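K.L.:
The structure is given below, and queries will be raised subsequently.
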Amino acid sequence: MDYQIPLFDLNFDDEEEKAVVETLRSKWISLGPKTEELEKEFSNMLSCKHSLGVANCTVALHLGLLLLGVKEGDEVITPSLTFVATVNSIRYVGATPVFCDIKGLDDLTIDPDMIETLITPKTKAIIVMHYGGFPCDMDRIMRIAQKHNLRVLEDACHGPLSEYKGQKLGTIGDIGAFSFFSNKNISTGEGGILVTNTPEYFERGKLLRSHGMTSLSHERSKGHATNYDVVELGFNYRIDDIHSAIALVQIKKLRDDIKGRINVRKRYLANLSSNEKIIIPFKNNLEFASNYIFPIILKDSTVQKRDAVRNQLHEAGIQTSVHYPAVHRFSIYKEYNAQLKNTEYVTDNEITLPMYSKLTHEKIYYIANVINKIL
Ligand SMILES: *Cc1c(COP(=O)(O)O)cnc(C)c1O
């Protein structure tokens, strides 16, 4: 059915079309000047040293773990309440995921207390995921990492421009990874970017992104290099200039788009806060947050009750989602036998409501009214 109110809406206008057409007419459509411009803009935007445009965030996470030296036999602590790609990336390098619970129903990010109990001599890294663009407890996580000599990879897919104590998410740990998938804050279809302040990671990342080759074809075409060597077993993880051109337009709109989302969240809070049957996570967050999604959690509920509520919202023309089906419950991760009380409750009782900057007050009021009537 065509939803009256979709979960998400693209904020495209003529600018994205113009950027694509301009790139097509330039006849340089693979990785080239637009990608270089995107990398520069992204580093400026996050106040970090290096950005590396890649095909999507999944490969950014894979590259990130490779660059951090994570390998077979290592353990990596990860949330389960995330998109499956976060955890799959650990398997790509032959390491073992160790699932960690979230802090609670008010804060759906990884629990530092539990991280400490999961550390073994094999632990090499921690992956954190900033749920909805709300920051993990980075002070404590970085302290734990320092104490045990662990690397930190930030899955910051939800949080471009989000902040933690004035620092941009993705730039606090060793490496950060962002996605430009259609429904993310920055939308290009497919696309992603890896950020780091460590020059060695950036230089090696550039090699691994493109077959381990010592020069890129657009550099050769400019006459900078006529020959190349292959020095490592690399991949084709490149983004192309068509997607980078769209990302450049999207980045220009990002801050205003997020301001719109912050207002949407405020409106939801005004209309839903008095409902005692639901929890709205991150209520105490005071930082600038991307507001990638707007989650609510049903109190004293079950998966059956939650699904019934979702059905009623569906019938009222409101599209919803669940963020996320817990990764440790998927068939390929059952053998790890993780038991995560809070993650499991959220998986079974969370509903993601529509969130995009142009969601009108009338529609938010309508959604809230439907929910308040059902509950
Ligand atoms: C979207 C997303 C990914 C995967 O990003 P792709 O660009 O689609 O590969 C990974 N982790 C999280 C938390 C995401 O939301």
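K.L.:
Rounded to whole Å, give me the distance from the Cα center of the range 156-173 to that of the range 211-278.
P.N.:
Cα centroid of the range 156-173 versus Cα centroid of the range 211-278: 14 Å apart.
K.L.:
Of all accessible surface on the chain at a 1.4 Å probe, what whole percent is carbon and sulfur? Before the final figure, lay out the partial values.
P.N.:
On the way: 8120 of 16520 Å².
Exposed carbon and sulfur together represent 49 percent of the surface.
K.L.:
In nm, give the distance between the simple-model label positions of Asn369 and Tyr336, each being 7 Å from the Cα along the Cα-to-Cβ direction.
P.N.:
4.4
K.L.:
Something else about it: Mind giving me the nanometre distance, one decimal, between the label points for Glu36 and Ser217, set 7 Å out from Cα along Cα→Cβ?
P.N.:
Inter-label distance under the simple model: 1.7 nm.
K.L.:
Something else about it: Place +1 on the Cβ of every Lys and Arg and -1 on the Cβ of every Asp and Glu in the range 255-374, take the dipole about the Cα centre, and give the residue among Tyr365, Val327, Gln304 whose Cα lies farthest towards its positive end.
P.N.:
Result: Tyr365, furthest along the dipole toward the positive end.
K.L.:
Let me ask something additional. If I model a spin label as a point 7 Å beyond the Cα along the Cα-Cβ vector, how far apart are those points for Val21 and Lys283 in nm?
P.N.:
5.0
K.L.:
Multiply the residue gap between Leu10 and Lys252 by 0.36 nm, knock off their C-alpha separation, and tell me the result in nm, one decimal place.
P.N.:
Here the segment from Leu10 to Lys252 would lengthen by 85.7 nm.
K.L.:
Enter the angle in degrees (range 0 to 90, nearest 10) between the Cα long axis of helix 199-209 and the first principal axis of the Cα atoms of the chain, meaning the one along which they spread out most.
P.N.:
Rounded to the nearest ten degrees, it is 90.
K.L.:
Report, in degrees rounded to the nearest 10, the 0 to 90 angle that the Cα long axis of helix 14-26 makes with the longest principal axis of the chain.
P.N.:
20
K.L.:
Quote to one decimal, in nm, the extra length available between Leu269 and Leu105 on full extension: 0.36 nm per residue of separation minus the C-alpha distance between them.
P.N.:
Between Leu269 and Leu105, full extension yields an extra 57.4 nm.
K.L.:
Give me the accessible area of Phe288, 1.4 Å probe, in Å² rounded to the nearest 10.
P.N.:
Counting only protein heavy atoms, Phe288 exposes about 50 Å² to solvent.
K.L.:
Pairs Lys184/Lys305; Lys165/Lys259; Lys122/Lys168; Lys40/Lys283; Lys184/Lys363: which are spaced more than 27 Å apart, C-alpha to C-alpha? Intermediate values should be presented prior to the final figure.
P.N.:
Details: Lys184/Lys305 29 Å; Lys165/Lys259 18 Å; Lys122/Lys168 30 Å; Lys40/Lys283 34 Å; Lys184/Lys363 21 Å.
Result: Lys184/Lys305; Lys122/Lys168; Lys40/Lys283 exceed 27 Å.
K.L.:
In Å and on Cα atoms, what radius of gyration and Dmax does the chain show?
P.N.:
Here Rg and the maximum Cα pair distance are 21.0, 69 Å.
K.L.:
Over the range 255-374, with the other protein chains present, what is the accessible area per residue in square angstrom, probe 1.4 angstrom?
P.N.:
Value returned for the range 255-374: 50 Å² of accessible area per residue.
K.L.:
Pull up the DSSP beta bridges for the chain and report the antiparallel fraction as a percent, rounded to 5. Spell out each step's value before the answer.
P.N.:
Values: 23 of 41 bridges.
The antiparallel fraction comes to roughly 55 percent.
K.L.:
Relative to the first principal axis of the alpha-carbon coordinates of the chain, what is the inclination of helix 241-272, with its axis defined by its Cα atoms, in degrees from 0 to 90 and to the nearest 10?
P.N.:
20
K.L.:
For the range 298-375, with only Lys/Arg (+1) and Asp/Glu (-1) charged at the beta-carbon, what is the dipole magnitude about the Cα centre, in debye rounded to 20?
P.N.:
So the dipole magnitude of the range 298-375 works out to roughly 100 debye.
K.L.:
Can you find, among Ala145, Leu61, Ser187, the residue sitting farthest towards the positive end of the charge dipole of the chain, where Lys and Arg contribute +1 and Asp and Glu -1 at Cβ?
P.N.:
Value computed over the given set: Ala145.
K.L.:
Could you give the length gained by full extension between Leu207 and Ser47, i.e. 0.36 nm per residue of separation minus their alpha carbon distance, to one decimal place?
P.N.:
The span from Leu207 to Ser47 would gain 55.3 nm if fully extended.
K.L.:
Further question on the same structure: Note down the magnitude of the dipole of the chain about its Cα centre, charges +1 on Lys and Arg C-beta and -1 on Asp and Glu C-beta and zero elsewhere, to the nearest 20 debye.
P.N.:
320
K.L.:
Which whole-number percent is the relative contact order of the chain (Cα, under 8 Å, 6+ apart)?
P.N.:
Details: 770 pairs, mean separation 85.1, N = 375.
About 23 percent, as a whole number.
The values are calculated or read from the model by the stated rules, or taken from the named source; none is laboratory data. The shown structure was predicted, so the numbers you read here are calculated from the model rather than taken from an experiment. Cβ: placed from backbone, ideal geometry, glycine included. Neighbour counts: every protein chain shown. These area figures cover heavy atoms from the full protein model, side chains too; ligands, DNA and RNA do not enter into them. Shrake-Rupley method; radii C 1.70, N 1.55, O 1.52, S 1.80 Å.
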